[in-house]
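Asks: Below is the structure I would like to discuss, written out as structure tokens.
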Amino acid sequence: MEVSGRYSNPPHTPVDLGELLLAFRKNRDTPTQNRPPKQHQRRLRPDDIEHLRVDYLAGAKVADLAEHFGITRQTVLNHVRRLGLPHRHPKLTRREIAKAAHLYESGKSLAAVGAALEVDQGTIRRAIVRSGVSIRDSHGRDR
């Protein structure tokens, strides 16, 4: 029994190198439609890093610094870590937690409470859960 079909070598057909070269040039000159756009990286100059350090120590928010310098929040935090600066974890005061709990219990969403206090909604959720407030489900019903 002889193995044939896809396991066999196909018959060799001569290739015209001129046609092959033309096809290669044609494919090289046409832009590919499936290629994702290039990622543009923004590297900070040493004086920009110094301005970032000064602004961060002055209390500027990481998101604001990222927007100002045209980089991501994570890049700002990487620079902060490399510079050996203290990482800030903003804490809610008892008064802010009480206000957040009151707003949430009055029917506002976590996102709305976070926007009112200028804090991430996840931070609001953790703070009010620790204070004993029960969280509603996505339809507004008690869990």
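Computed from the coordinates by the stated procedures, all read-outs in this text should not be read as laboratory data. The model shown is predicted, which means the values in this text are computed figures rather than measured ones. A quick note on method: Cβ atoms are made from the backbone with ideal geometry, for glycine too, and the neighbour counts reach across all protein chains shown.
Asks: In straight Cα distance, which aspartates and glutamates are under 19 Å from residue 26, not counting same-chain residues fewer than 8 positions off?
Replies: 16
Asks: Right, something else. Express in nm, to one decimal, how much length is gained between residue 82 and residue 50 on full extension, taking 0.36 nm for each residue of separation and deducting their alpha carbon distance. Please report the intermediate quantities before stating the final value.
Replies: Numbers: separation 32, 0.36 × 32 = 11.52 nm, distance 1.22 nm.
10.3 nm is the gain from fully extending residue 82 to residue 50.
Asks: Using R₀ = 35 Å, calculate the FRET efficiency as 1/(1 + (r/R₀)^6) where r is the Cβ-Cβ separation of residue 137 and residue 91; round to 0.05. All intermediate terms of the calculation are to be shown ahead of the outcome.
Replies: Numbers: r = 28 Å, r/R0 = 0.79.
Between residue 137 and residue 91 the formula returns 0.80.
Asks: Let me ask something else. Could you name the lysines whose alpha carbon sits less than 19 Å from that of residue 91, not counting residues in the same chain fewer than 8 places away?
Replies: Qualifying lysines at Cα under 19 Å: 61, 99.
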